[in-house]
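Reading through the structure tokens given below for one structure.
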Amino acid sequence: MKTPLYCQRKLLPEYANLLYVWCKQNGIDNIHDPEEFHLTVAYSKEPVIWERIVPSDKKVLLKGSGKRSLMVLGTTLVLALDPDNSYLLKRFNYYKDNGCSWDFPSYVPHISIASDYKDIPAIHPYAGDIILGPEEMSELQEGYKPSIATASIDSIDTIIEAIVKPTFIDN
């Protein structure tokens with residue numbers, strides 16, 4: 001198959017929920033649905049021969065880092081991750097070496113967290129650990145718009161309780 005290609009790694013749900021709670025606690029508006037929090041690995045408008053590419057099935061732990069920052073790309077508020085993360089750069093370059101295009105000045109590994117931003121909020125970036133799931137390839141859908149989360153404060157408390165309280169299963 002030779003079509004434009006998109007590859008992402010979604011945050012594991014518990015880590016997406018922690019990032020969502022951090023957003024709410026820091027007054028960020030128009031937060032994307034945490035189920036859609038992801039890191040873009042490849043965004044190729046040029047058609048690519050998919051059979052040449054083997055997506056990684058490994059999960060990736062991104063330890064909390066002082067090298068993170070908040071940025072506005074277009075009108076999207078993003079959590080920019082460590083720009084020197086060798087694994088993320090290696091995977092990005094793997095896709096480029098296998099024919100993927102990249103129409104931006106450089107690769108900035110990031111997680112898009114909110115829409116309709118012009119300015120960067122005066123807050124410290126999220127510093128918690130993040131675990132990314134395996135790479136997921138799909139045909140590129142230009143013009144994609146993420147869903148905006150609608151959780152209330154009550155549901156945030158439920159999210160926090162679910163994250164903090166261990167679940168025990170009777171055998």
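What follows draws every value from the coordinates through simple rules; no lab data is involved. Quick caveat: nothing in here was measured; it's all calculated off a predicted structure. For neighbour counting, all protein chains shown are included, and Cβ atoms are generated from backbone atoms with ideal geometry for every residue, glycine included.
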Margin query: 5 Å is the cut-off here: which amide hydrogens, built 1.01 Å from N in the peptide plane, fall below it relative to H32, excluding neighbours closer than 5 in sequence?
Written below: A114, S115, A149
Next item on the list: Would you please give the residues with an amide H less than 5 Å from that of V41, counting only those at least 5 places away or on a separate chain, with H modeled from the backbone geometry?
Entry: C7, Q8, R9
Note to self: Once R0 is set to 22 Å, what does the formula 1/(1 + (r/R0)^6) return for the Cβ-Cβ distance between L89 and N26, expressed as a FRET efficiency to the nearest 0.05?
What the structure shows: 0.20
Checklist line | Cα-only radius of gyration and Dmax that characterise the range 1-114, units Å | finding: 14.7, 44
Item checked: Kirkwood hydrodynamic radius over Cα pairs of the range 49-144, then Stokes diffusion coefficient at 10 °C and 1.306 mPa s, in µm²/s -> 106 µm²/s
Notebook entry, point to check: At what distance in nm do the modelled label points of T3 and E46 sit from each other, each positioned 7 Å from its Cα along Cα→Cβ?
Noted result: 2.0 nm
Next item on the list: Over 26 Å between C-alpha atoms is what I'm after, so list which of K63/K118; K96/K118; K45/K67; K67/K90; K59/K96 land there.
Entry: K63/K118; K96/K118; K45/K67
Next item on the list: Specify the inter-centroid distance of the range 21-38 and the range 76-144, based on alpha-carbon positions, in whole Å.
Entry: 16 Å
Note to self: Eigenvalues of the Cα gyration tensor times 5, then square-rooted: what semi-axes does that give for the range 37-78, in whole angstrom, largest first?
What the structure shows: 26, 18, 7
